[in-house]
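Asker: Structure incoming, see below.
The values are calculated or read from the model by the stated rules, or taken from the named source; none is laboratory data. Just so it is clear, the structure is predicted and the values come from calculations on it, not from any experiment. Positions of Cβ are generated from backbone atoms using ideal geometry, with glycine treated the same way; all protein chains shown enter the neighbour counts.
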Amino acid sequence: MSKTNNNSINGATTNHIDSIISTTTCDCEPRRPGKATVLALGKAFPSQLIPQECLVEGYFRDTKCDDSAIKEKLERLCKNTTVKTRYTVMSKEILDKYPELTTEGSPTIKQRLEIANPAVLEMALEASLACIKEWGRPVGDITHIVYVSSSEIRLPGGDLYLASGLGLRSDVGRVMLYFLGCYGGVTGLRVAKDIAENNPGSRVLLTTSETTILGYRPPNMARPYDLVGAALFGDGAAALIIGTDPISQIESPFMELNFAVQQFLPGTHNIIDGRLSEEGINFKLGRDLPQKIEDNIESFCRMLMEKANLKEFNDLFWAVHPGGPAILNRLESCLSLKADKLQCSRRALMDYGNVSSNTIFYVMDYMREELKGGGGEEWGLVLAFGPGITFEGILVRSLLQ
C-alpha cells in the first residue's frame, strides 16, 4: 500500500469526521447516536486449497504416517463434517522445514509461532484491504480497530502490526481480543458496535484472522479431538467496517446491529477446554456440547427477539456460526426451523470448514447475497458459541429490503 496516499489523507481526516458530526447533530437536544451498521466486508485465505476428499491421503503422506486404523477413523470423520473444501497454511514445505512438528514430545511452541504470527498477519492485512476497498473511503478515515485472533501470541500484538501495515493513523484506537475461540467474531462485532455508537462519526475496522498451526498434530500424535480438528477446521481471515449514520452516496450499509448480548452457562467451563503447552494448544471437547447448546438456545434467542417484539423463529433470517453439523442440526430441530433457514451457515461450513472466529462473517457474506434480492425477512439473528460455554448473539436488521 502506498504511504504517499496514506499521508495525503491523514491531515484532513479529523476535519472530515468533524463535518460528519456537525451535519448529524441537532442544536436543540443532545445527540442520540444512531444504530451501528455493517458498511463493508472482506475475506482472505491462504493460497493452499484442499478438497476434503484429498485431505486424508495428503495428510498421511506428508507426515509419513502409516497407521491404517487412524486413517480409517479420519476418513469417516471427514465424511461426517459435510465440509467440501478448506484453506490451510500448513504445507509439506513447512513440515520439511520443521520436522520436529511431527516428533512426539518435541517442544515446538517457538516454531509454531514463527509460522503462525506472520501467516495470520498476512491474511488479516489482505482481508482488511479488501474490506476497505469495498467501503470506498480513505484508510485514514478509520478511527478504531478491533482485532480478533486465537492463533498468534506476541507483544506488541497483531493489532499494532495490522494498524502499521495498513498505514492507519498513530492515534487510531485499538482493541485486541485474543483466545476467545469460535464466538470471538461476534464478540468483536459487539465491541465494534459499542465503539461506533459511543463515538459519533467513528469508523471501526473489525478484523479476525485464524490458522490451525498452534493446534496442528500429525496422525501418529493425534488425540480424538485432534482428529476432529483435522477433519473440520480451516484457516482464513475476515474484516468488516462498522459505523453509525452512513454517508449517503458514499457508504452502503447492508445490516444494522440492533441489540447484542453475551451469556455464559454456569458450570460448563470444562466442556470446551484449551491449554497452551510447549507442544502448542491442546483441546478437549465434551460430547455434551451440542446438547448444552440445544438446552439453552431457545431462551437465549427469545431474549434477543423481545427487543423487536418478534415471536416466530421462522420469521427471521439466521446467521449461525457453524461449529459443526451436529450443532446446526440440533438448533434446526430444537427451534423447528425450516430447512432453508441455516443454509448460509451450512454453505460456509461446506466451503471453508470451521475457521473459528472468522466463520460467522463468511456466513454473513452469504446472507448478504440472499438478502440483496429483496422480499426476504427484515430481522435476523447472528449467533456464535464457544468456550465457557459462551453464547454471543446480535439482533440485526437487514438494510437491503
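Asker: Considering only residues that are closer than 16 Å to residue 262 by Cβ, surrounded by 17 or more Cβ atoms within 10 Å (Cβ to Cβ) and over 21 Å from the mean Cα position of the chain (by Cα), which ones fall in the stretch 293-312?
Answerer: Once the filter is applied, which keeps residues that are closer than 16 Å to residue 262 by Cβ, surrounded by 17 or more Cβ atoms within 10 Å (Cβ to Cβ) and over 21 Å from the mean Cα position of the chain (by Cα), the stretch 293-312 yields only 296.
Asker: Here's a follow-up. Any residue at all in the stretch 162-175 that is at pLDDT 95 or above, under 24 Å from residue 363 (Cβ atoms), part of a strand (DSSP E or B) and in contact with a helix residue (DSSP H, G or I) (Cβ under 8 Å, 6 or more places away or on another chain)?
Answerer: yes
Asker: Since residue 220 meets every condition but one in (1) in a helix (DSSP H, G or I); (2) within 23 Å of the chain's Cα centre (by Cα), which condition does it not meet?
Answerer: The number of the failed condition is (2).
Table: residues versus (1) more than 17 Å from the chain's Cα centre (by Cα); (2) assigned to a helix (DSSP H, G or I); (3) within 30 Å of residue 48 (Cα to Cα).
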residue: 314; (1), (2), (3): yes, yes, no
residue: 323; (1), (2), (3): no, no, yes
residue: 349; (1), (2), (3): no, yes, yes
residue: 365; (1), (2), (3): no, yes, yes
residue: 374; (1), (2), (3): yes, no, no
residue: 380; (1), (2), (3): yes, no, no
residue: 383; (1), (2), (3): no, no, yes
residue: 391; (1), (2), (3): no, no, no
residue: 394; (1), (2), (3): no, no, no
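Asker: Consider the stretch 341-371. How many of its residues are at pLDDT below 95 and within 20 Å of residue 387 (Cβ to Cβ)?
Answerer: Going through the stretch 341-371 one residue at a time, the tally reaches 0.
Asker: While we're looking at this one, here's another question. Within the stretch 152-159, does at least one residue satisfy the condition of being without any contact (Cβ under 8 Å) to a residue 24 or more places away in the chain, out of contact with any Asp or Glu (no Cβ under 9 Å at 6 or more places or on another chain) and within 16 Å of residue 239 (Cβ to Cβ)?
Answerer: yes
Asker: Sort out for me the helices (runs of 4 or more DSSP H) sitting completely within the stretch 26-134 that have 1 or more residues that are closer than 28 Å to residue 350 by Cβ, touching an Asp or Glu at 6+ places or on another chain (Cβ under 6 Å) and without any contact (Cβ under 8 Å) to a residue 60 or more places away in the chain.
Answerer: Where helices (runs of 4 or more DSSP H) fall fully within the stretch 26-134 and carry at least 1 residues being closer than 28 Å to residue 350 by Cβ, touching an Asp or Glu at 6+ places or on another chain (Cβ under 6 Å) and without any contact (Cβ under 8 Å) to a residue 60 or more places away in the chain, they are 52-62, 92-97.
Asker: Residues 87, 98: which one is surrounded by 14 or more Cβ atoms within 10 Å (Cβ to Cβ), of a type in the set (Phe, Trp, Tyr) and either within 16 Å of residue 359 (Cβ to Cβ) or touching a Gly at 6+ places or on another chain (Cβ under 8 Å) (or both)?
Answerer: 87
Asker: One residue is enough: does the stretch 213-221 have a residue meeting the conditions charged (D, E, K, R) and more than 19 Å from residue 143 (Cβ to Cβ)?
Answerer: yes
Asker: Of all residues in the stretch 135-152, count the ones that are in contact with a helix residue (DSSP H, G or I) (Cβ under 6 Å, 6 or more places away or on another chain), outside any strand (DSSP E or B) and not acidic (Asp, Glu).
Answerer: Residues that pass the stated criteria total 5.
Asker: Filter the stretch 178-198 down to the residues that are outside any helix (DSSP H, G or I) and out of contact with any helix residue (DSSP H, G or I) (no Cβ under 6 Å at 6 or more places or on another chain) and list them by number.
Answerer: 178, 179
Asker: Which is over 22 Å from residue 124 (Cβ atoms) and of a type outside the set (Gly, Ala, Ser), of 281, 213, 241, 293?
Answerer: Step by step, each of 281, 213, 241, 293 is checked, and only 293 is over 22 Å from residue 124 (Cβ atoms) and of a type outside the set (Gly, Ala, Ser).
Asker: Ok, one more. In the stretch 196-232, which residue that is over 30 Å from residue 101 (Cα atoms) and not aliphatic (A, V, I, L, M) is surrounded by the most Cβ atoms within 10 Å (Cβ to Cβ)?
Answerer: 203
Asker: Looking at this structure, is residue 235 touching a strand residue (DSSP E or B) at 6+ places or on another chain (Cβ under 7 Å), touching a residue at least 40 places away in the same chain (Cβ under 8 Å), among the acidic types (Asp, Glu) and buried (at least 20 other Cβ atoms within 10 Å of the Cβ)?
Answerer: Criteria met by residue 235.
Asker: Please enumerate the residues belonging to the stretch 366-401 that are small (Gly, Ala, Ser) and over 16 Å from residue 296 (Cα atoms).
Answerer: Selection gives 373, 374, 375, 376, 380, 398.
Asker: Do you know which residues across the stretch 34-59 are buried (at least 19 other Cβ atoms within 10 Å of the Cβ) and either farther than 17 Å from residue 212 by Cβ or of a type in the set (Lys, Arg) (or both)?
Answerer: Correct list: 36, 37, 38, 39, 40, 41, 42, 43.
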